[in-house]
Amino acid sequence: MIATLFSMPGTTCMLMRSAVVMMDHAPFLVALGWSATVIVLMAQPKRQRVVRRFDEASPDLPDRSTTPARGGVAVAMSGLIGWLVGGGVGAALAVVTQRWVRRQHRRRAERIEQELSEQAVIEWFDVAALSAQAGVSLALSLSNARPMMAGRALEWVDSFERALERGSSTDDALRNTVSGSPSGVRRVVDDVVAAHRAGTSLPNALRRGSTQVNEAIWARRSERARRLPIALLGPLIVCILPAVCLMAVVPMVVRLVAPS
Amino acid sequence: MTRGESIDLRALVVLVDVLAAGVRAGTAPIDNWSRAAEASSNATIEAEVVTITTAQLRGSTFADGLSRWSLTSDHRRSIATVWSVCATTGADLAGSLDALAEGLRSEVRHGDERATLCAQAIASARVMVALPVICVSAMLVFDVSTRRFLVSGAGLVCVVAASTLDALAALWMRSLIRSAR
């Protein structure tokens, strides 16, 4: 079931989003839990130690455990210190975790945005290059691509046509259309606009643009593939090594501790 | 890119190459597609192309069949788009198909390169996931006291925890490998 859950499209994104929502309340919950644990762990031995010290120092006095006034103060003090230290550490830990999860979520969103934009510009320019090859102008080539476009690319064609209707020039309309996109895509569009202004071959400029974006995608994928051995250290350290320890080391330790 | 996707892409490259050659030779579109499907030597693509070329028998048109076929994958969409745009605008179809085939070939090449880069890490990941299982099997076979411990209550807790961690590691590694491929 877990495998199915992980293989579902968008599940990771959904899980990340849920984690971010949960993390909003995490500092308080973690600090509370941490404080309670520290108080319980610290207060009890401390109280016993204080009572024992009083008993050893003054054996003539009545049993201190029956009159725990001073022991109670020590317990309260240790509890307070425990609450402050534990709560602080817990809250800091929770805040760091929260920031890390948010950063991961933001990076993932940026990566998806970048991939969508790159895919859209490749599709759009490839189709426009075909029209431009037949001698059609840049504006018309970009508009003619509409029936073949979907998703982000279709949104861009719409936005481009609206800008032309408002009276923008082809170059400005194209630049405005991709203004919110990642820098790589904007750079490619700038190259096409420069080629259009200079009067060089449009099909070549459009194809060169989509090839540039394609190469950037391939370079990024190769980089990810090269980083795979390092990425696999995560599951190795977090899951495999503890599993091997549980299977190999724990039985040996148990045998040494309890030889019978 | 998975192995299945790679095989599919290679077959599409052959299909596009043969289509370009057919266009240059002046073959009629439907005959051209039928010949290209035969040349691709991929049963799936052959069946898909037969559906396109026989669309007229079912009361549909070649263009409709092509547009339905284009919905099945991004690469198929690229081929169908090149075909329809060139048919509409009168652009050089053979040249465009050649350019498309070159693009697909580059994609195959990059996919192969990535597979080579990932191969060692994938092999290591398999060994690492198998390691706890091999470890416990060996200890069960060769060490009597360990066997006794592992069938006790605490031992079973260890086995369950280790198996869970191992399964988690397998899922995590699979997701890392998929994103790297």
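The values are calculated or read from the model by the stated rules, or taken from the named source; none is laboratory data. Source: prediction; values computed, not measured. As a convention, Cβ positions derive from the backbone with ideal geometry for all residues, glycine included, and neighbour counts pool all protein chains shown.
Can you tell me which condition residue B:171 does not meet? The list is (1) modelled with pLDDT of 85 or more; (2) more than 7 Å from chain A (Cβ to nearest Cβ); (3) surrounded by 15 or more Cβ atoms within 10 Å (Cβ to Cβ), and all the others hold.
Failing condition for residue B:171: (2).
So residue B:92 fits all but one of (1) surrounded by fewer than 17 Cβ atoms within 10 Å (Cβ to Cβ); (2) of a type in the set (Asp, Glu); (3) in contact with an Asp or Glu (Cβ under 8 Å, 6 or more places away or on another chain); what number is the exception?
Of everything listed in (1) surrounded by fewer than 17 Cβ atoms within 10 Å (Cβ to Cβ); (2) of a type in the set (Asp, Glu); (3) in contact with an Asp or Glu (Cβ under 8 Å, 6 or more places away or on another chain), residue B:92 misses just condition (3).
Would you confirm whether any residue within region B:102-120 is more than 30 Å from the chain's Cα centre (by Cα) and either modelled with pLDDT of 85 or more or among the hydrophobic types (A, V, I, L, M, F, W, C) (or both)?
Filtering region B:102-120 down to residues more than 30 Å from the chain's Cα centre (by Cα) leaves none.
No - not one qualifying residue is present in region B:102-120.
If you scan region A:223-239, which residues turn out to be surrounded by 16 or more Cβ atoms within 10 Å (Cβ to Cβ) and either more than 7 Å from every other protein chain (Cβ to nearest Cβ) or of a type in the set (Gly, Ala, Ser) (or both)?
Of everything in region A:223-239, those that are surrounded by 16 or more Cβ atoms within 10 Å (Cβ to Cβ) and either more than 7 Å from every other protein chain (Cβ to nearest Cβ) or of a type in the set (Gly, Ala, Ser) (or both) turn out to be A:225, A:231.
This table checks each residue for (1) assigned to a loop (DSSP other than H, G, I, E, B); (2) out of contact with any Gly (no Cβ under 6 Å at 6 or more places or on another chain); (3) more than 9 Å from every other protein chain (Cβ to nearest Cβ); (4) free of Cβ contacts under 8 Å to residues at least 24 places away in the same chain.
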residue: A:185; (1), (2), (3), (4): no, yes, yes, no
residue: A:207; (1), (2), (3), (4): no, yes, no, no
residue: A:242; (1), (2), (3), (4): no, yes, no, yes
residue: A:247; (1), (2), (3), (4): no, yes, no, yes
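Those residues that are more than 20 Å from residue B:95 (Cα to Cα) and free of Cβ contacts under 8 Å to residues at least 40 places away in the same chain, I need them from region B:6-33; list them, please. Reasoning before the result, please.
First, the residues of region B:6-33 that are more than 20 Å from residue B:95 (Cα to Cα): B:6-8.
Passing the criteria: only B:7.
Among residues belonging to region B:87-101 that are within 10 Å of another protein chain (Cβ to nearest Cβ) and assigned to a helix (DSSP H, G or I), point out the one that is nearest to residue B:26 (Cα to Cα).
Taking region B:87-101 first, the residues within 10 Å of another protein chain (Cβ to nearest Cβ) are B:88-93, B:95-96, B:99-100.
Retained after the next criterion (residues that are assigned to a helix (DSSP H, G or I)): B:88-89, B:93, B:95-96, B:99-100.
Working: B:88: 17, B:89: 18, B:93: 11, B:95: 14, B:96: 15, B:99: 19, B:100: 19 Å.
The residue in question is B:93.
Can we say residue B:78 is part of a helix (DSSP H, G or I), more than 30 Å from residue B:179 (Cα to Cα) and either among the small types (Gly, Ala, Ser) or within 14 Å of chain A (Cβ to nearest Cβ) (or both)? Reasoning before the result, please.
Working: part of a helix (DSSP H, G or I): yes; more than 30 Å from residue B:179 (Cα to Cα): no; either among the small types (Gly, Ala, Ser) or within 14 Å of chain A (Cβ to nearest Cβ) (or both): yes.
Considered against the rule, which asks whether it is part of a helix (DSSP H, G or I), more than 30 Å from residue B:179 (Cα to Cα) and either among the small types (Gly, Ala, Ser) or within 14 Å of chain A (Cβ to nearest Cβ) (or both), residue B:78 comes out as no.
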